[in-house]
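Student: First the structure, then my questions, so here it is.
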Amino acid sequence: MLEISNLEVVYNEVALVLRGLSIEVPDGSVVALLGSNGAGKTTTARATTGLLDNHEGKSTKGTIMWNGQDITHMKPSSIVRAGISQVMEGRRCFGELTVDENLATGAFTNKDGAKRNYDRVMELFPRLLERRKQLAGYMSGGEQQMLAIGRAMMAEPKLMILDEPSLGLAPLLVQQVRDVISLINSEGTSILLIEQNAMMALSIADFGYIMENGKIVMDGEGQKLLADDDVKEFYLGLHGDESGERKSFRDVKHYKRRKKWAS
Amino acid sequence: MIDVLLLAQESTGFFPTFLQTLIKGLALGSIYAVMGIGFVIVFKGTQVLNFAAGGIAMAGALFMSILVNDAGLPFLPFSNPLAPEIGTTPSIPRWLINLVLALIIAAILGMVLERIAIRPMIGQPLFSMAVITLGIETALGPFNRDATSLTARSLQIPWGLEQWEFLGAGIPKSYVGAMVAAVLCFLSINLFFRSRFGVAMRAVAFDQEAAQAQGINVGRVFSIAWGLGAALVAVGAIFYGMGPFPPQGTVSQEIHPVLAFRVLPVIILGGLDSIPGALYGGLLIASAEVFAGQYLAQWTSVLGAGYSTIVPYIVMLIVLLVRPYGLFGSEEIRRV
Ligand SMILES: Nc1ncnc2c1ncn2[C@@H]1O[C@H](COP(=O)(O)OP(=O)(O)OP(=O)(O)O)[C@@H](O)[C@H]1O
Ligand SMILES: [Mg+2]
C-alpha cells in the first residue's frame, strides 16, 4: 500500500507546490487523482518515483510510505526495484531506440522476468509486435502510449502510476487505454491513475481524489464522485457554462455552500 | 616536432606512392576515429564535452609504457613467467596482455575522474562541465610532463618499424595494427550499444529522466561512459605512438597536442554524438592531412613547413559552412 501523508514539495527552494497532500493507494485498487492544470498531479508522481531532483524540486515535509518503507528520499532506481513504476506524462518513449529496445530499458531492474514480461506485453499490444524493430520516434501517439505502458510493465511493478495516459488520444484509444489499465489491475497491479479526463478515470477507479493547489479538496469512491453534482459540474462539464473561464473547484463549492446558507 | 610522418615519400612511381599515402591516411584516420569514438561516447552518455581527452590519452600511453618497461617489478606477478627477457622487446602476446592491462588502468582513471569531478556537477550547463574537463586536463598535465619531460618513454612495439611489401609499396605493420585496432574498437562499441548497459546509455542520452523512471542507474551509466571513453582515447594514443608515426615508438610530450586538438575537428565533423560520424570524420580528416602532406609538398616553401597540420581545421571549417551539424550529428545538438 502506498501512503502519502502531509507531503510538501518545493521547487527551486521557493515555489511551494504540494501543500500537505495526503493520499492512499491500497493494494490491488485503482485510485484516480484528478485536478486541473497546475494542481500538482505530476509533482505528486515525481515525488513518489524519486524524480524531483531533475526539476530542482524537494520533498520538504511529510512522508511517502510504501508497504511500510519510507521512500520519500529514495533514488529512482531503488523505487523501481521496490515495485513502483511510472508511465510519465507525455509518454516519453526513447525515440531513437527501437520498440524492443524501449521495452528492454523497462526490464533494466528485472532481467529475470524480461522474457515473460515481454511476451505478456506483446500479447496485450500486438501492434507493438508488428513494429518491434521500428524506432519509437516514428510511431503514432497511441502506439507510443501503448509502448510507454508496456515499458512500465516490463518491470512487473506492484504499483503503476500513470500520468495522463489519455492525453491527446482519440476517444476510441482512450477506451482502449482504459481497458488496458483495468486488465493490468486485474492481474494484481495497483494503479494510481492521474487524469484530467475525470469520466474515464472515475469509470474504473475504486476511489478518487480531487486535488487543487497542491491539496486534496475532495475524495470518495469512484462511483460516488462520478455521481456528485459538484464534480459533474466542474469536471464533466454537464452543467457548466462552456464559454466562460473555468472557475476553481473550490469556488464552485463556496458558491454552493453560500447558496445553501442563503436558502 | 614536425612530422616525419607528414614528410613526403620518396617517389617510387605513382602507384606505390599513392597506395602508401592511402594506407597512411587510413592508419592515421583509424587512430583519429578511435579517439573520436572515445570522445563521442562520453558526450553521448553524459552530455559532457571532454576536453580532458588529450591528457587521459597521454596517461593511458604512459601506463602502457610503464607496464612494458618496468614489468619486472615484483608487484606485477604476470611479468616473470611471461617475460624472462626483461629489458628487451616483448613478444606480441605479452605486449597485448600489457595493452589490455594499460587500457583497464586507463578506464579506471576515467571512472575515477568521472566520480570525483563530473558526477558532483551533473545538471550544470554544458559550458561549466566543459571547463571542468579543461581543469582535469590541466591537472593531468604535471603527471604526463614529469613522466616524459626528460626522455620520451618507449612503448616497446614488438614489430618496431617492420613493414610488408605490397605492390611495390612499403606497408608498415603499425599502420595495419592501427587499422585492426580501430575495426575492433568500432565493432565492440557497436556490440556494447546493443547490450543491457549500452541500451541504457542510449536511453539516458535520449531522455535522462525517462531513463531514471525505468530504474536505470544513471550514475553507473556515466561511469561506464567515462571508462570506455578513457580506454578508447588511450588506444588512440598508444597506436599513435608507434613508428613510423612521428613519435617513433614512444610516448612523449610532443604527441600531446595532437591527441588533445586533432580529435576536435574529427568529432565536430562527425557531429559530436555519432559513432559512425567519428569514424568517417577521422578517415576524412586524416586523409586530407596525409594527402596534402604528400602531394602539396613541392609548395612547402609557399605554404610553410607543417602546413599539413592545419589542413584538418580547414576541412572542418569548409564542412561546417555547408552542414552546421557536422556530417552525421543530430540537429538537436544545437540546443546545447
Ligand atoms: N520544475 C519546476 N519548477 C518550478 N515550478 C514547477 C516545476 N514543475 C512544475 N512546477 C509548478 O508546479 C505546479 C504544479 O505542476 P504539475 O506539473 O505538478 O501540475 P499538474 O497537476 O501535473 O498539471 P497538468 O495537468 O498541467 O499536467 C505548477 O504551478 C507548475 O508551474
Ligand atoms: Mg501533469
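Student: Which loop-located GluC sites (Glu not before Pro) does region B:253-336 contain, where loop means any DSSP state but H, G, I, E or B and the Cβ has at most 15 other Cβ atoms within 10 Å?
Tutor: Here the sparse-neighbourhood loop sites are B:254.
Student: Give the residue list of trypsin sites (Lys or Arg not before Pro) in region A:54-118 that are DSSP loop and have at most 10 other beta-carbon atoms within 10 angstrom.
Tutor: A:111
Student: List the aspartates and glutamates whose Cα lies under 14 Å from the Cα of residue A:133, skipping any in the same chain that are fewer than 8 positions away.
Tutor: Excluding near neighbours in sequence, the set is A:96, A:100, A:101, A:143.
Student: Taking only C-alpha pairs under 8 Å that are 6+ residues apart, what is the relative contact order of region B:7-322 in percent?
Tutor: This gives 37 percent for region B:7-322.
Student: Given a cut-off of 22 Å, name the pairs among A:58/A:215; B:24/B:44; A:41/A:115 whose C-alpha atoms lie farther apart than that in the structure shown.
Tutor: Going by Cα-Cα distance, B:24/B:44; A:41/A:115 fall outside the 22 Å limit.
Student: Using a 1.4 angstrom probe with every protein chain in place, what is the largest-first accessible-area order of B:175, B:325?
Tutor: I get B:325, B:175, largest accessible area first.
Student: Averaging over every viewing direction, what projected area does the convex hull of the Cα atoms of region B:7-322 cover, in nm²?
Tutor: Taking the Cα atoms of region B:7-322, their convex hull projects to 18.0 nm² on average.
Student: Could you work out [θ]222 nm for chain B from helices alone, using -39500 (n - 2.57) per DSSP H run of at least four and dividing by all its residues? Round to the nearest 500 deg cm²/dmol.
Tutor: -21000 deg cm²/dmol
Student: In region B:7-322, what percent of the accessible surface is made up of carbon and sulfur (1.4 Å probe, ligands and nucleic acids excluded)?
Tutor: In region B:7-322, the share of accessible area belonging to carbon and sulfur is 72 percent.
Student: Given the options A:32, A:107, A:227, which has the most mean-square fluctuation in a GNM of chain A, springs set between C-alpha atoms less than 10 angstrom apart?
Tutor: So, out of A:32, A:107, A:227, the one fluctuating most is A:227.
Student: Averaged over peptide B:201-212, how many Cβ atoms belonging to another chain are found within 10 Å of each residue's Cβ?
Tutor: Partner-chain Cβ atoms within 10 Å, mean over residues of B:201-212: 6.
Student: Given the Cα-Cα distance of residue A:75 and residue A:140 and 0.36 nm per residue of separation, how much length would full extension add, in nm?
Tutor: Using 0.36 nm per residue and subtracting the Cα-Cα distance, I get 20.2 nm.
Student: Just to be sure I understand the model, the point goes 7 Å from the Cα along the line to the Cβ. What's the resulting residue A:5 to residue A:27 distance in nm?
Tutor: 1.9 nm
Student: Summed for both chains, how many Å² of accessible area, to the nearest 100, are buried between A and B with a 1.4 Å probe?
Tutor: Its buried surface, counting both partners, is about 2100 Å².
Student: How high is the relative contact order of region A:1-113? Use alpha-carbon pairs under 8 Å, at least six apart in sequence, and give a whole percent.
Tutor: Computed over region A:1-113, the figure is 27 percent.
Student: Compute the signed sum of charges (Lys and Arg +1, Asp and Glu -1) over the other residues within less than 12 Å, Cβ to Cβ, of residue B:243.
Tutor: Within the 12 Å Cβ shell, the charges total 0.
Student: Under a Cβ-Cβ cut-off of 13 Å, what is the net charge of the residues other than residue A:42 that fall near it, where Lys and Arg count +1 and Asp and Glu count -1?
Tutor: -2
Student: Something else now. Between region A:63-118 and region A:141-209, what is the C-alpha centre distance in whole Å?
Tutor: 15 Å
Student: For region A:126-132, in order, what is each residue's ³J(HN,Hα) by Karplus, 6.51 cos²θ - 1.76 cosθ + 1.60 with θ = phi - 60°, in whole Hz (x at glycine and Pro)?
Tutor: Karplus-based 3J(HN,Hα) across region A:126-132 equals x, 4, 5, 5, 4, 10, 4 Hz.
Student: Check which residues have an amide H placed less than 5 Å from residue A:87's amide H, if you skip close sequence neighbours.
Tutor: A:161, A:162, A:163
Student: Which residues' amide hydrogens lie under 5 Å from the amide hydrogen of residue A:220, considering only partners 5 or more residues apart or on another chain, with H built in the peptide plane?
Tutor: Residues meeting the amide H criterion: A:208.
Student: So if each residue of separation counts as 0.36 nm, and I subtract the Cα-Cα distance between residue B:297 and residue B:187, what length gain in nm does that give?
Tutor: Extending this stretch completely gives an extra 36.0 nm.
Student: Leaving out ligands, DNA and RNA, and with a 1.4 Å probe, what % of the accessible surface on region A:16-120 is carbon or sulfur?
Tutor: 47 percent
Student: Using DSSP to call loops (not H, G, I, E or B), can you name the trypsin sites (Lys or Arg not before Pro) in region A:125-203 whose Cβ has at most 12 other Cβ atoms within 10 angstrom?
Tutor: Answer by residue number: A:133.
Student: Calculate the translational D of region B:168-207 in whole µm² s⁻¹ from Stokes-Einstein, where the hydrodynamic radius comes from the Kirkwood formula applied to all Cα pairs, the temperature is 20 °C and the viscosity 1.002 mPa s.
Tutor: 178 µm²/s
Student: Please list A:18, B:103 in order of solvent-accessible area, largest first, computed with a 1.4 Å probe with all protein chains present.
Tutor: B:103, A:18
Student: Counting only complete DSSP H runs, which helices of chain B cover 27 Å or more along their long axis at the Cα atoms and score a mean Kyte-Doolittle of 1.6 or above?
Tutor: B:92-113, B:218-240
Student: Just to confirm, what accessible area per residue do you get for the protein assembly as shown at 1.4 Å probe, in whole Å²?
Tutor: Dividing the accessible area of the protein assembly as shown by its residue count gives 44 Å².
Student: Check which residues have an amide H placed less than 5 Å from residue A:57's amide H, if you skip close sequence neighbours.
Tutor: Under 5 Å from the amide H of residue A:57: A:12.
Student: Checking buried surface per residue: for region A:66-102, which residues lose a minimum of 30 Å² accessible area in the protein assembly relative to the chain alone (1.4 Å probe)?
Tutor: A:76, A:77, A:80, A:88, A:92, A:94, A:96, A:97, A:101
The values are calculated or read from the model by the stated rules, or taken from the named source; none is laboratory data. All values reported here derive from a predicted model rather than from experimental measurement. Reconstructed Cβ throughout: ideal geometry from the backbone, glycine too, with neighbour counts over all protein chains shown. To get the accessible areas, we keep the full protein, side chains included, count just its heavy atoms, and leave off ligands, DNA and RNA. Shrake-Rupley method; radii C 1.70, N 1.55, O 1.52, S 1.80 Å.
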